[in-house]
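The structure follows.
The values are calculated or read from the model by the stated rules, or taken from the named source; none is laboratory data. It should be emphasised that the depicted structure is a prediction, and the values quoted were computed from it without experimental measurement. Cβ: placed from backbone, ideal geometry, glycine included. Neighbour counts: every protein chain shown.
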Amino acid sequence: MDAVQKCKQEYLVAREKLLQRVQVGDKQLCVRGRVYRALSMAPQFQSPDKLPAFAERFNLLADEANKVIIEYNEAGFAYAAFAKFAAQEAEIKELPECDCEGCQAVKDLPKARVYAN
């Protein structure tokens, strides 16, 4: 397997890992959807006795999602760079819109406004 094919395979594995769903209770959630779902549950864990455990679990989920996203991005960049260097075209597809319950829960939220100085 040449370097381009190796990078392509690593990209495809990282893409699959990003899109993969796991069973959480009665829901199938992707890695980002688990974070969004946890965030939507935050108000019920605001009491001083519950907040530390919730924050710890939320941070673990967010760290896991961040790691998977970084792996996907790095694998995609490496594949694209190796393909370009070999005068080939990388076959990188757009990620599909996720329809898991966690991602759908934040889909309709208003977008944050960014103000420039």
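I'm trying to understand the selection: among the residues of the stretch 9-37, which are within 17 Å of residue 62 (Cβ to Cβ), in a helix (DSSP H, G or I) and among the aliphatic types (A, V, I, L, M)?
Passing the criteria: 18, 31, 35.
Which condition number in (1) of a type in the set (A, V, I, L, M); (2) farther than 23 Å from residue 93 by Cα; (3) surrounded by fewer than 16 Cβ atoms within 10 Å (Cβ to Cβ) is the one that residue 22 fails?
(2)
May I ask you to list pairs of residues, at least six apart or on different chains, whose Cβ atoms are under 7 Å apart, with the first in the stretch 96-117 being loosely packed, with under 14 Cβ neighbours inside 10 Å and the second being at pLDDT 65 or above?
Listed pairs, sorted by first residue: none to list.
So, of the residues in the stretch 67-92 that are outside any helix (DSSP H, G or I), of a type outside the set (Gly, Ala, Ser) and touching a residue at least 60 places away in the same chain (Cβ under 8 Å), which turns out to be farthest from residue 35 (Cα to Cα)?
In this case the residue turns out to be 88.
Would you pick out the residues in the stretch 60-94 that are polar (S, T, N, Q) and under 14 Å from the mean Cα position of the chain (by Cα)?
66, 73
Filter the stretch 38-66 down to the residues that are among the acidic types (Asp, Glu) and assigned to a helix (DSSP H, G or I), then identify the one that is farthest from residue 105 (Cα to Cα).
Here the residue is 56.
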